[in-house]
Ligand code: AMP
């Protein structure tokens with residue numbers, strides 16, 4: 001199946017061709033026809049599956065029809081105020097920025113306007129963009145509610161609402177904020193909800209906000225992850241982890257690596273230790289200011305910093321190519337997170353290495369991960 005078969009309009013097909021995509025991903029094939037029909041949707045999909053385009057393309061197509069129609073009226077559309085007609089809510093600033101970038105890329109020939117708002121930075125430029133009028137708003141919950149309370153944002157005209165990474169939203173304690181936002185949305189709307197996992201609370205939330213939703217699911221990442229990512233495991237004392245990490249970073253073919261730690265505090269500590277050993281590393285987590293996070297990510301993308309030490313929450317929004325290695329300095333408590341983490345390497349068909357450290361107190365986490373993977377991770381050694 002080609003993108004043309006999905007009945008997408010030429011301005012979108014043009015943008016897709018410019019991105020170099022050949023064929024739609026499974027979630028795109030499944031989701032796009034239903035979304036163009038106006039149906040609600042529950043999508044069980046992780047990042048890396050092409051889910052952003054799966055919702056962004058139909059959103060743009062549906063809004064474009066309206067813009068095109070009103071342009072034909074006398075006076076054009078330029079002078080009219082443009083209410084927000086599609087809103088995408090995401091848990092983190094990085095993901096919001098990434099989703100907005102997708103709208104920018106796919107929507108460049110549609111004449112539609114979008115903007116992105118999130119906390120941690122001054123609101124003035126965001127307010128200025130909003131005042132010009134936008135068709136699509138990408139937002140994180142805190143700043144959105146803040147600007148709604150100030151009377152700067154109205155959701156009264158929203159026709160399409162996307163709740164992205166809903167499980168992460170709940171983990172981050174955003175459920176009350178989400179409820180407040182939903183109360184302000186018109187009853188008559190199309191709602192899409194995406195979540196990598198389906199715990200009970202997510203199903204409950206889906207039941208309250210979706211109407212007769214179509215459910216789409218993608219193949220779990222584990223099948224794709226296993227093929228081109230070489231996984232290995234070291235049993236190590238927790239006090240020996242940094243030394244082992246340094247050895248790998250200095251000796252092996254590490255070009256660009258992400259190191260995952262369990263907490264933000266540990267991310268800071270490991271970064272300091274690496275810098276002390278003359279390894280260029282930056283910490284990346286949600287306690288950092290937005291500017292510091294943007295700077296760290298830019299340096300990492302450019303290659304002036306080769307190691308990013310991240311907590312899971314921040315890592316959700318990292319979409320950087322050519323990451324040669326992922327280190328699980330600490331094993332995650334949720335097995336799915338392991339799959340998500342190692343999926344940061346080996347993207348777009350490239351090969352990658354995922355190296356995990358397991359200390360005495362992490363055996364239960366390891367068992368859960370191996371159960372999900374359907375087999376053991378090859379053990380490489382016991383200590384540095
Ligand atoms: P996402 O799951 O939305 O974060 O997308 C993961 C990556 O896949 C992004 O870098 C997209 O640019 C890319 N992508 C999305 N759709 C396609 C496609 N049909 N073909 C190739 N790459 C794609």
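The values are calculated or read from the model by the stated rules, or taken from the named source; none is laboratory data. Everything numeric in this text was worked out from a predicted model, so none of it was measured. A quick note on method: Cβ atoms are made from the backbone with ideal geometry, for glycine too, and the neighbour counts reach across all protein chains shown.
Looking only at helices (runs of 4 or more DSSP H) that lie completely in the range 252-349, which have at least 3 residues being within 16 Å of the ligand (Cβ to nearest atom) and within 22 Å of residue 380 (Cα to Cα)?
Output list reads 335-342.
Given the structure, is residue 181 crowded, with 22+ Cβ neighbours inside 10 Å and in contact (Cβ under 8 Å) with a residue 12 or more places away in the chain?
The answer is no for residue 181.
Please count how many residues of the range 1-11 are within 13 Å of residue 61 (Cα to Cα) and either more than 11 Å from the ligand (Cβ to nearest atom) or in contact with a strand residue (DSSP E or B) (Cβ under 6 Å, 6 or more places away or on another chain) (or both).
5
Report, by residue number, each residue of the range 22-61 that is in contact with a helix residue (DSSP H, G or I) (Cβ under 7 Å, 6 or more places away or on another chain), away from the ligand (no atom under 11 Å from the Cβ) and either closer than 13 Å to residue 160 by Cβ or in a helix (DSSP H, G or I) (or both).
Correct list: 31, 33, 35, 36, 41, 58, 60, 61.
Identify, by number, the condition in (1) within 16 Å of the ligand (Cβ to nearest atom); (2) within 20 Å of residue 298 (Cβ to Cβ); (3) in contact (Cβ under 8 Å) with a residue 40 or more places away in the chain that residue 121 doesn't meet.
(1)
Could you list, in sequence order, the residues of the range 336-355 that are out of contact with any helix residue (DSSP H, G or I) (no Cβ under 8 Å at 6 or more places or on another chain) and modelled with pLDDT of 90 or more?
353
If I go through the range 267-293 residue by residue, how many of them are closer than 22 Å to residue 240 by Cα and surrounded by fewer than 19 Cβ atoms within 10 Å (Cβ to Cβ)?
Qualifying residue count, the range 267-293: 10.
Among what's in the range 144-161 and is in a loop (DSSP other than H, G, I, E, B) and out of contact with any strand residue (DSSP E or B) (no Cβ under 8 Å at 6 or more places or on another chain), pick the residue that is surrounded by the fewest Cβ atoms within 10 Å (Cβ to Cβ).
Across the range 144-161, the extreme among qualifying residues is 151.
Testing residue 169 on (1) in a strand (DSSP E or B); (2) under 16 Å from the mean Cα position of the chain (by Cα), one condition comes back false. Which one is that?
Answer for residue 169: the failing condition is (1).
Can you pull out every residue in the range 12-21 that is assigned to a loop (DSSP other than H, G, I, E, B) and either more than 7 Å from the ligand (Cβ to nearest atom) or crowded, with 22+ Cβ neighbours inside 10 Å (or both)?
Of everything in the range 12-21, just one residue is assigned to a loop (DSSP other than H, G, I, E, B) and either more than 7 Å from the ligand (Cβ to nearest atom) or crowded, with 22+ Cβ neighbours inside 10 Å (or both), namely 20.
Within the range 103-117, track down each residue that is in a loop (DSSP other than H, G, I, E, B) and touching a strand residue (DSSP E or B) at 6+ places or on another chain (Cβ under 7 Å).
107, 112, listed by residue number.
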